[in-house]
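Accompanying notes for the structure given below.
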Amino acid sequence: MLSPRQLYEVIRARETVFATEQKINYVDCDGTDPSCLHLMGHIDGELVAYLRVCPPGTVYEELSFGRVLTAPAYRGQGYGRALIDKALILLTEAYPGHMLKISAQSYLIGFYQSFGFSVKSKPYIEEGIEHVKMRLQII
């Protein structure tokens, strides 16, 4: 469960990246957060990377993660990659044998493929940005 401070920090980061920077007009408070595991990376008390893990049946029938972000000032330094690595380790322990399904922005296909994800859909528009469905078998 997120503390009020953590929840504020997460919402602020998601608004900064998705609403302000990417100009996505979406409902952030979608009712999913209370069921999710929230992974956060901090440096000197500042949130620099974040994602939420959604249990099977929450967003998709399969296990999922989303709302993946790296704060603008910290991009290109490997924090997003480190967060995904950590998420995959945790998911391997908690959900062995499950399929992991994500909706990835198309420009990140290569990034997710580097972790073993494969594209499973044609491109589609979600919140005004091109995405694809990708999957990874958790071992």
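The values are calculated or read from the model by the stated rules, or taken from the named source; none is laboratory data. For clarity, every value in this text was computed on a predicted model and none was experimentally measured. Positions of Cβ are backbone-derived with ideal geometry, glycine not excepted, and every protein chain shown enters the neighbour counts.
Side notes on the structure shown:
- Some residue of the range 36-50 being among the aromatic types (Phe, Trp, Tyr) and touching a Gly at 6+ places or on another chain (Cβ under 8 Å): yes
- Pick from the range 111-137, criterion part of a loop (DSSP other than H, G, I, E, B) and at pLDDT 95 or above, ranking: surrounded by the fewest Cβ atoms within 10 Å (Cβ to Cβ): 122
- Enumeration of residues in the range 87-110 that are part of a strand (DSSP E or B) and either in contact with a Cys (Cβ under 6 Å, 6 or more places away or on another chain) or under 16 Å from residue 54 (Cβ atoms) (or both): 99, 100, 101, 102, 103, 104
- Boolean, residue 70 is surrounded by 14 or more Cβ atoms within 10 Å (Cβ to Cβ), under 23 Å from residue 127 (Cβ atoms) and touching a Gly at 6+ places or on another chain (Cβ under 6 Å): yes
- Members of the range 64-86 found to be outside any loop (DSSP other than H, G, I, E, B) and more than 16 Å from residue 112 (Cα to Cα), listed by number: 72, 73, 74
- Extreme residue, surrounded by the most Cβ atoms within 10 Å (Cβ to Cβ), among residues of the range 85-95 that are more than 15 Å from the chain's Cα centre (by Cα) and not aliphatic (A, V, I, L, M): 95
- Within the range 62-117, considering residues that are of a type in the set (Val, Ile, Thr) and out of contact with any strand residue (DSSP E or B) (no Cβ under 9 Å at 6 or more places or on another chain), the one farthest from residue 44 (Cα to Cα): 92
- No other residue among 32, 20, 16 is among the β-branched types (Val, Ile, Thr) and closer than 28 Å to residue 137 by Cβ apart from 32.
- Qualifying residue in the range 96-110 (condition: more than 15 Å from the chain's Cα centre (by Cα), surrounded by fewer than 13 Cβ atoms within 10 Å (Cβ to Cβ) and within 22 Å of residue 132 (Cβ to Cβ)): yes
- Scope the range 26-61; condition of a type in the set (A, V, I, L, M, F, W, C) and outside any strand (DSSP E or B); matching residues: 27, 29, 36, 59
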